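**Q** After the structure tokens below, expect a handful of questions from me.
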Amino acid sequence: MLKVDEIQNGVVIDHITAGTGLGLYHLLELEKLNGDASVALLQNVRSEKSGKKDIIKIEGDVSRLNFDILGYLDPQISITVIENGHITNKIRPQQPKRLVNIIKCTNPRCITAIEQDCDQIFALTPSGRYRCVYCEQEFKVKP
Ligand SMILES: [Zn+2]
């Protein structure tokens, strides 16, 4: 298991809502990193703040990854970038009002599932979640 202080170059994604780490892993397409980086997914880690949480640690070249999506989908998440053993950056993305072609609607009856050329558009709701503008389905990270 990778520990934070063992990471020399990489990123630690902490305070992920328990049960959604694997979904985020797939959203970031971390399975495609093989060779460039080693990835650890920790599930149901005890946390004083929130009871349980998931953590993703990536050691290696993460320059091709876009972590902003994590902050869009779960504003609680903390993203820490480590270079040469030192924390160099904490990524705290603002949630945009609209997400276009970043996440996909999971409603099989949605027009975006039927029309291949249809843009995937989600709008931010006051609760900080995203809803498909076509079918109103709220986006949830798959457990
Ligand atoms: Zn939809």
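What follows draws every value from the coordinates through simple rules; no lab data is involved. This structure is a prediction, so every number in the text was calculated from the model and none was measured. Every residue, glycine as well, gets a Cβ built from its backbone with ideal geometry; the counts of neighbours run over all protein chains shown.
**Q** In nm, give the distance between the simple-model label positions of N9 and K140, each being 7 Å from the Cα along the Cα-to-Cβ direction.
**A** 4.0 nm
**Q** Still on this structure: Modelling each spin label as a point 7 Å along the Cα-to-Cβ direction, I'd like the R92/S47 distance in nm, to one decimal.
**A** 1.6 nm
**Q** Right, next: Could you tell me the convex hull volume per residue, in Å³, taken over the Cα atoms of the range 1-132?
**A** About 128 Å³ per residue, rounded to a whole number.
**Q** Step through the table entries K52/K142; K49/K104; K57/K97; K49/K97, compare each Cα-Cα distance with 24 Å, and write down the pairs that go over it.
**A** K49/K104; K57/K97; K49/K97
**Q** Run the helix sum for the chain: -39,500 (n - 2.57) per DSSP H stretch of 4+ residues, divided by residue count, reported at 222 nm to the nearest 500 deg cm²/dmol.
**A** -2500 deg cm²/dmol
**Q** Can you tell me the order of 51-60, 17-26, 38-47 when each peptide is scored by its average per-residue count of other Cβ atoms within 10 angstrom, highest first?
**A** Final packing ranking: 51-60, 17-26, 38-47.
**Q** Same structure, new question: So if I take the centroid of the Cα atoms in the range 16-30 and the same for the range 67-81, what is the distance between those two points in Å?
**A** So the two Cα centres are separated by 11 Å.
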